[in-house]
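Single-structure report; data block below.
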Amino acid sequence: MPGTTVDVTTADGVADAYLAVPDGDGPFPAVLFYMDAFGLRPHLTAMADRLASEGYVVLVPNVFYRAGRTPLFDLPDFIDADSRPALFEKIMPVMQSLTPAGLMSDAGAYLRYLADSPLTVDGPVGVTGYCMGAGVALRTAGTYPDRVAAAAGFHAANLASEAPDSPHLLAGNVTAELYFAHADQDAAMPVEQVDRLEKALTEAGVTHRCEVYEGAHHGYTQSDTSAYNAEAAERHWTELLALFGRTLS
């Protein structure tokens, strides 16, 4: 079934989102899918469609909705190293305007939307996030532990920094099973943060697995960018589907 654009009412307005639904009779388990910094675009909707084909209702919100509806940025069909600096001059101010409080208020709205949908089963959801979205996924698991059964993050940025509001500080609240797959060539998630995240999750008793994909760069799942790594991307699909297969019903 082709996906559709839907609107989700939040405390601060209306977030446009992409909703992908499996073929056949439902209801189905739900997944909240957090975008990377380049936002909603054909590649991400194709990823949502692939996940939906495995039997999940998938909601991909425009996390940047306060700055406008999708498309917010004029993206090239293929994002290479040369195009990134000019793009990030536009993207960074929007990213920096986001706050943990606002993101988690929005997360509550997305989770309510999924819970209220006749397409979805009762019970907790799965969450997955990419680049900046991985941190939002971890925050969501730590803020809404009763609503999240599993959360995953891929080529994340700053999951375990020294900031007073770093996502890893919510580890003690998490009841979901977590999976994180870092890129070994990723300045946005250096070794010290990888280690700090692992320590926080272990000490909190969170069921989790953190892995480093060798030879992968930040953005390795994104086939419309020069960071794409086909082997790492397929490994991500294997692990993500296994995680949701274990935890969602």
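The values are calculated or read from the model by the stated rules, or taken from the named source; none is laboratory data. These numbers come from a predicted model, not from an experiment. Glycine also receives a Cβ, built like all others from the backbone with ideal geometry; neighbour counts cover every protein chain displayed. Side chains included, ligands, DNA and RNA excluded: accessible areas come from the protein's heavy atoms. Shrake-Rupley method; radii C 1.70, N 1.55, O 1.52, S 1.80 Å.
Data table
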quantity: Length released on extending from ALA115 to ASP74, taking residue separation times 0.36 nm less the Cα-Cα span; calculated: 11.4 nm
quantity: Calculated FRET value between THR207 and ARG66, using beta carbons and R₀ = 30 Å, to 0.05; calculated: 0.30
quantity: 5 angstrom amide H check on ILE79, placed H, neighbours 5+ away; calculated: THR225, SER226
quantity: Solvent-accessible area per residue, Å², over region 1-124 with all protein chains present [probe radius 1.4 Å]; calculated: 46
quantity: Dipole in debye (nearest 20) - region 9-152, about Cα centre, beta carbon charges: Lys, Arg +1; Asp, Glu -1; calculated: 360
quantity: Residue-by-residue Karplus 3J(HN,Hα) for region 99-106, coefficients 6.51, -1.76, 1.60, Hz, glycine and proline x; calculated: 10, x, 5, x, 4, 7, 4, 4
quantity: Built amide H within the under 5 Å cut-off of TYR34, gap 5+; calculated: THR128, GLY129, TYR130
quantity: Sequence-separation-based contact order of the chain, relative, with Cα cut under 8 Å and 6+ spacing, percent; calculated: 17
quantity: Cα-projected label distance for GLU54 with LEU98, points at 7 Å along beta-carbon direction, nm; calculated: 2.2
quantity: Rounded percent of accessible protein surface that carbon and sulfur make up, the chain, 1.4 Å probe; calculated: 52
quantity: Backbone HN-Hα couplings from phi across region 195-202 [Karplus 6.51/-1.76/1.60, Hz, Gly and Pro as x]; calculated: 5, 5, 5, 4, 5, 5, 5, 5
quantity: Considering only the chain, percent of DSSP beta bridges that pair antiparallel, nearest 5; calculated: 30
quantity: Tail weight of P(r) past 23 Å, computed on alpha-carbon pairs of region 13-123, percent; calculated: 34
quantity: Percent breakdown of C-alpha pair distances by 5 Å bin, ordered from the shortest bin, for region 67-155; calculated: 3, 12, 18, 20, 18, 13, 10, 5, 1, 0
quantity: Accessible area per residue, Å², region 161-249 with all protein chains present, probe 1.4 Å; calculated: 48
quantity: Note, ³J(HN,Hα) from phi for region 54-70, Karplus 6.51, -1.76, 1.60, rounded to Hz, x at Gly and Pro; calculated: 8, x, 10, 7, 10, 10, 10, x, 7, 4, 8, 4, 4, 8, x, 7, 6
quantity: Cα pair distances of region 196-249 binned at 10 Å [whole percent]; calculated: 21, 37, 36, 6
quantity: Under-5 Å amide H pairs with ASN62, H placed in peptide plane, nonlocal only; calculated: ASP16, ALA17, TYR18
